[in-house]
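The values are calculated or read from the model by the stated rules, or taken from the named source; none is laboratory data. Being a predicted model, the structure only gives us computed values, none of them experimental. Glycine gets a Cβ as well: all are built from the backbone with ideal geometry, and neighbour counts include every protein chain shown.
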Amino acid sequence: MKQQWTQDNLTSLQSSILAEEQKHPGATGEFTWILSAISLATKAIGNKVRCARIQDVIGDIGEQNIQGETQQKLDVIANEIILRCLGDRDNIGILASEENETPFLLRKRTDGGKYAVLFDPLDGSLNIDSSVGVGTIFSVLRLSDLGSREEAMLRPGVEQVAAGYVLYGSSTVLVLTTGNGVDMFVLDHAIGSFVLVSKGLKIPSENKTYSINEAYTNKFSDNIQSYLRWAHENEYSSRYIGSMVADVHRILLKGGVFLYPPTDTKPEGKLRLMYEANPMAMIIEQAGGKAVAGGERILEIKPDGLHQRTGVILGSIDQVDAVLQH
């Protein structure tokens, strides 16, 4: 029977991480400090999102990021918050943001910088002025000893030691995996802490739902167009929010498939492998789902650049397979 979480059995994010740490005798507690810093940063970002219109931080700043996208005011604010909160953690050697061209080298591995943290500070920021759910995506890698700062991070997603996202919506939700299943936490503003509400999430199957921007149908491959025709004929439901965190969160809880395929104008795809696809793929796989790009397992793609783009198909195994059959 599913456990009901009440005020009498609340488990904080920190307590949950410490309990997991005790299962590993060689754990030093360093990883716990990283997740604590991420928690602090996302609480601050969530507060900015809630107050965005009041504080007049909605809209763009008239500049573009490395991706060639117009930066929103909150993109910059969220990026700075994460850099501040994680920058002073002694065991973080490198911070890499979707918003910055090059990663920040904080300290060498020989000086204790064992980990790299990659993040998309505010996914879906264009939806802020419409009060649609937006989020932060993060990935944690253990740094190698060789190569430049970028080469040390260009590792396939299967080598991630943790991944997660925070959804700023009707509630502030943190979804986390450290390679031992997927847990979901919700921020309790009364006590200022993320509390565990679901442990060992499993993505449901047999949900005939897909999430894709069908405005680009004519630019998709013949296979994707064939799948969409098949889905229409078989009474599938379409659910698309336009914020990856919100769309994937719904897929994680309800089942179905999320597609962001390449188009004839963006043949390499649009989503970032290191900042978006890899962490989401790890979460989905740890919840019993499947994540592919071009028929290849996303987590096995060897990146050739920090800002490499990719197509994405992820969700319930049966629904991803239905796409691949076309």
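Which ones in segment 310-326 are under 20 Å from the mean Cα position of the chain (by Cα) and surrounded by 19 or more Cβ atoms within 10 Å (Cβ to Cβ)? Outline the logic, then answer.
Taking segment 310-326 and keeping what is under 20 Å from the mean Cα position of the chain (by Cα), we get 310-317, 320.
Across segment 310-326, the qualifying residues are Thr310, Gly311, Val312, Ile313, Leu314, Gly315, Ser316, Val320.
Might you let me know whether segment 243-258 holds any residue that is within 18 Å of Lys219 (Cα to Cα) and out of contact with any Phe, Trp or Tyr (no Cβ under 7 Å at 6 or more places or on another chain)?
At the first step, the residues of segment 243-258 found to be within 18 Å of Lys219 (Cα to Cα) are 258.
Next, from what is left, pick out any that are out of contact with any Phe, Trp or Tyr (no Cβ under 7 Å at 6 or more places or on another chain): 258.
Scanning segment 243-258 turns up at least one residue that is within 18 Å of Lys219 (Cα to Cα) and out of contact with any Phe, Trp or Tyr (no Cβ under 7 Å at 6 or more places or on another chain).
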Checklist outcome for this item: Residues of segment 1-44 being modelled with pLDDT of 80 or more and of a type in the set (D, E, K, R), in sequence order, are Lys43
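Looking at Tyr236, Tyr240, can you tell me which residue is in contact with a helix residue (DSSP H, G or I) (Cβ under 9 Å, 6 or more places away or on another chain), farther than 30 Å from Lys43 by Cα and outside the structural domain of Ile128 (by TED's automatic domain parsing)?
Working: Tyr240 fails: farther than 30 Å from Lys43 by Cα.
Of the residues listed, the single one that is in contact with a helix residue (DSSP H, G or I) (Cβ under 9 Å, 6 or more places away or on another chain), farther than 30 Å from Lys43 by Cα and outside the structural domain of Ile128 (by TED's automatic domain parsing) is Tyr236.
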Item to check | Hits in segment 143-185 (condition: surrounded by fewer than 16 Cβ atoms within 10 Å (Cβ to Cβ) and without any contact (Cβ under 8 Å) to a residue 60 or more places away in the chain) | outcome: Ser144, Asp145, Leu146, Gly147, Ser148, Glu151, Glu159, Ser170, Ser171
Checklist entry - Among the listed residues Asn47, Asn100, Asn79, which satisfies the condition of being modelled with pLDDT of 85 or more, part of a loop (DSSP other than H, G, I, E, B) and within 22 Å of the chain's Cα centre (by Cα)? => result Asn100
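Can you work out which of the residues in segment 254-280 that are of a type in the set (D, E, K, R) and under 24 Å from Phe119 (Cβ atoms) is farthest from the chain's Cα centre (by Cα)? Give the derivation first.
Step one: filter segment 254-280 for residues of a type in the set (D, E, K, R), giving 254, 264, 266, 268, 270, 272, 276.
This time we only want the ones that are under 24 Å from Phe119 (Cβ atoms), so: 266, 268, 270, 272, 276.
Numbers: Lys266: 22, Glu268: 20, Lys270: 15, Arg272: 11, Glu276: 5 Å.
That would be Lys266.
Which residues, taken from segment 273-304, are assigned to a loop (DSSP other than H, G, I, E, B), in contact with a helix residue (DSSP H, G or I) (Cβ under 9 Å, 6 or more places away or on another chain) and at negative phi? Explain how you work it out, then say what you get.
Within segment 273-304, the first condition is being assigned to a loop (DSSP other than H, G, I, E, B), and the residues that meet it are 287-289, 294-295, 301-304.
So of that shortlist, the ones also in contact with a helix residue (DSSP H, G or I) (Cβ under 9 Å, 6 or more places away or on another chain) come out as 287-289, 295, 301, 303.
Selection gives Ala287, Gly289, Ile301, Pro303.
Suppose the filter is at pLDDT below 90 and not in a strand (DSSP E or B); does Val57 pass it?
Working: at pLDDT below 90: yes; not in a strand (DSSP E or B): yes.
Yes.
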Item to check | So Gly255, is it small (Gly, Ala, Ser) and farther than 19 Å from Gly242 by Cβ | outcome: yes
Checklist entry - Restricting attention to segment 87-97, does a residue exist that is part of a loop (DSSP other than H, G, I, E, B) and either under 18 Å from Pro303 (Cβ atoms) or in the same structural domain as Glu276 (by TED's automatic domain parsing) (or both)? => result no
Checklist outcome for this item: All-but-one check, Pro267 against (1) outside any helix (DSSP H, G or I); (2) touching a residue at least 60 places away in the same chain (Cβ under 8 Å), failing number (2)
